[in-house]
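Below is one structure; the comments refer to it alone.
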4 protein chains.
Amino acid sequence: MSDQRTPNAAESLCFEAGIKFGTLYHQFAGTPIASESATSLATAMEESIENQPHCQAVTVEIREDELERAIADGAADYVELTGRFLEVEIVVEDGDLEVVARMEMDEGYPLMQIETVRGGREGA
Amino acid sequence: MSDQRTPNAAESLCFEAGIKFGTLYHQFAGTPIASESATSLATAMEESIENQPHCQAVTVEIREDELERAIADGAADYVELTGRFLEVEIVVEDGDLEVVARMEMDEGYPLMQIETVRGGREGA
Amino acid sequence: MSDQRTPNAAESLCFEAGIKFGTLYHQFAGTPIASESATSLATAMEESIENQPHCQAVTVEIREDELERAIADGAADYVELTGRFLEVEIVVEDGDLEVVARMEMDEGYPLMQIETVRGGREGA
Amino acid sequence: MSDQRTPNAAESLCFEAGIKFGTLYHQFAGTPIASESATSLATAMEESIENQPHCQAVTVEIREDELERAIADGAADYVELTGRFLEVEIVVEDGDLEVVARMEMDEGYPLMQIETVRGGREGA
């Protein structure tokens, strides 16, 4: 079609940001987690995803209150990692372009969104 | 900073395409696979990822030759799924915008890239 | 210690059965699932795990009622796969030994257990 | 059949050991790993699996030489975690019973095996 085009640099970098979020979530969802093991898991998530191309920084916060509540409600003394226990920020860069994206719970769904695009020229 | 902005619709959809690729790859990497079970795994990958928001179509092709070669070279009669056995196309849509992205091997690395962006106005 | 010993054949086969359950659960937990994609995912789970050594048969049943209830309660039109949507039976064999193991929900926890050991001589 | 029976305590504990190995391997296989991020990933693997029932201790060693060789041979500055980079020991306990199991590479295949069973009475 006439309006079909290749992506510009900002679009490609947004795609990269999405890859990191999908990777982080689906690599680690299901991991057994308790309060005592939350920090090591968060650190491993950050450092492993930071290996991926263009990935500048990953910040994983475990929502400890939510985690403790789920463990108290559950049948075991740990739970499986899922989005309700996470807040994640990922920064990707390419040259002078930077994309900041975030995952946080939104009405029960772990919503992943781009917060800001910076640098370059929009549409260039 | 002065040039920081929120994403436009095309950038957000490219982010969505990336999420699907990261999900598909890291949910299923490591799955035991042989020639006989390749089709059912490919179908499950397609149908599960198509559940995600904005995801219009997922096409997973198993590279059978590569798979058979790896099994012949290996110590077991199956291998673990990894990028060298896959070619994937994902189409995401949002209103009149469409993004087509692809994963294929590029010099030994499973490269994920946007092929085309269609519709909307660039930068709008 | 004086009472330390190597495993007998039945113990080794029970270990194999456990490997299959851990694999099945943690490979696929987190996969996006809806009613329409439940069958293909169950089939892929069965066929992929059956590739593993000594694995004679894997039967995965998706608990459709539970799945539909969770989707109705949730914010999206799919959910992530977890134990509450699954009933699984795995049969492993080694020579004339057979172990049948099962996973089903038990007071909110996906309990994995050996049901029967057959053949061989106990402790031999 | 006449020789069908329920598992004894040692067999059930060997099953538990297997679950831990399948979980560890298939939860984390595919994770992006480089030398710098190897330690945090190993720690997270240990601490998360130790949450599971009966799990007394998990020791994960990353085979650094093998990892560095793979990265040097590869197209990126990281690789995906797989068995060739791992040596794992898992100890599970139930009352006075203890099972020690290990995973290490054996002719190119990540072989998981029980090393020792201790305590209890065999076949009891």
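The values are calculated or read from the model by the stated rules, or taken from the named source; none is laboratory data. This is a predicted model, so every value here is computed, not measured. In this analysis, Cβ positions are derived from the backbone assuming ideal geometry, glycine residues included, and neighbour counts consider all displayed protein chains.
Among the residues of segment B:18-69, which ones are polar (S, T, N, Q) and out of contact with any Gly (no Cβ under 8 Å at 6 or more places or on another chain)?
B:Thr31, B:Ser35, B:Ser37, B:Thr39, B:Ser40, B:Thr43, B:Ser48, B:Asn51, B:Gln52, B:Gln56, B:Thr59
I need the full set of residues from segment A:70-92 which are away from chain C (no Cβ under 14 Å) and touching a Gly at 6+ places or on another chain (Cβ under 7 Å), in order please.
none
Can you tell me which residue is surrounded by the most Cβ atoms within 10 Å (Cβ to Cβ) among those in segment A:34-46 that are closer than 23 Å to D:Leu81 by Cα and hydroxyl-bearing (Ser, Thr, Tyr)?
It comes out as A:Ser37.
Please find, among D:Glu104, D:Glu68, the residue that is of a type outside the set (A, V, I, L, M, F, W, C) and in contact with a helix residue (DSSP H, G or I) (Cβ under 8 Å, 6 or more places away or on another chain).
D:Glu68
Determine whether segment D:92-110 contains at least one residue that is surrounded by 14 or more Cβ atoms within 10 Å (Cβ to Cβ), free of Cβ contacts under 8 Å to residues at least 24 places away in the same chain and of a type in the set (Asp, Glu).
yes
Tell me which residues, restricted to segment C:47-91, are among the charged types (D, E, K, R), under 16 Å from the mean Cα position of the chain (by Cα) and buried (at least 19 other Cβ atoms within 10 Å of the Cβ).
If the condition is that a residue be among the charged types (D, E, K, R), under 16 Å from the mean Cα position of the chain (by Cα) and buried (at least 19 other Cβ atoms within 10 Å of the Cβ), then C:Glu47, C:Glu50 are the ones that fit.
Under 6 Å by Cβ, and 6 or more places apart or on different chains, what pairs join a residue from segment B:30-43 that is at positive phi with one that is in a loop (DSSP other than H, G, I, E, B)?
Close Cβ pairs (under 6 Å, with a partner that is in a loop (DSSP other than H, G, I, E, B)) amount to B:Gly30/D:Ala29; B:Gly30/D:Gly30.
Okay, residues lined up against (1) within 14 Å of B:Gly22 (Cβ to Cβ); (2) acidic (Asp, Glu):
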{"residue": "A:Leu24", "(1), (2)": "yes, no"}
{"residue": "A:Asn51", "(1), (2)": "yes, no"}
{"residue": "A:Asp94", "(1), (2)": "no, yes"}
{"residue": "A:Met105", "(1), (2)": "no, no"}
{"residue": "A:Gly108", "(1), (2)": "no, no"}
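Do you know which residues across segment D:1-49 are in a loop (DSSP other than H, G, I, E, B), within 14 Å of chain C (Cβ to nearest Cβ) and modelled with pLDDT of 95 or more?
Result: D:Thr6, D:Pro7, D:Asn8, D:Ala29, D:Gly30, D:Thr31.
Could we say that D:Gly95 is more than 10 Å from chain C (Cβ to nearest Cβ), within 21 Å of D:Asn8 (Cβ to Cβ), more than 16 Å from the chain's Cα centre (by Cα) and not polar (S, T, N, Q) here?
yes
Please work out which one of (1) touching a Leu at 6+ places or on another chain (Cβ under 9 Å); (2) of a type in the set (Gly, Ala, Ser); (3) more than 14 Å from chain D (Cβ to nearest Cβ) is the condition B:Ala101 fails and give its number.
Exception for B:Ala101: condition (1).
Among the listed residues C:Thr6, C:Thr31, C:Thr23, which satisfies the condition of being crowded, with 24+ Cβ neighbours inside 10 Å, over 11 Å from the mean Cα position of the chain (by Cα) and β-branched (Val, Ile, Thr)?
C:Thr31
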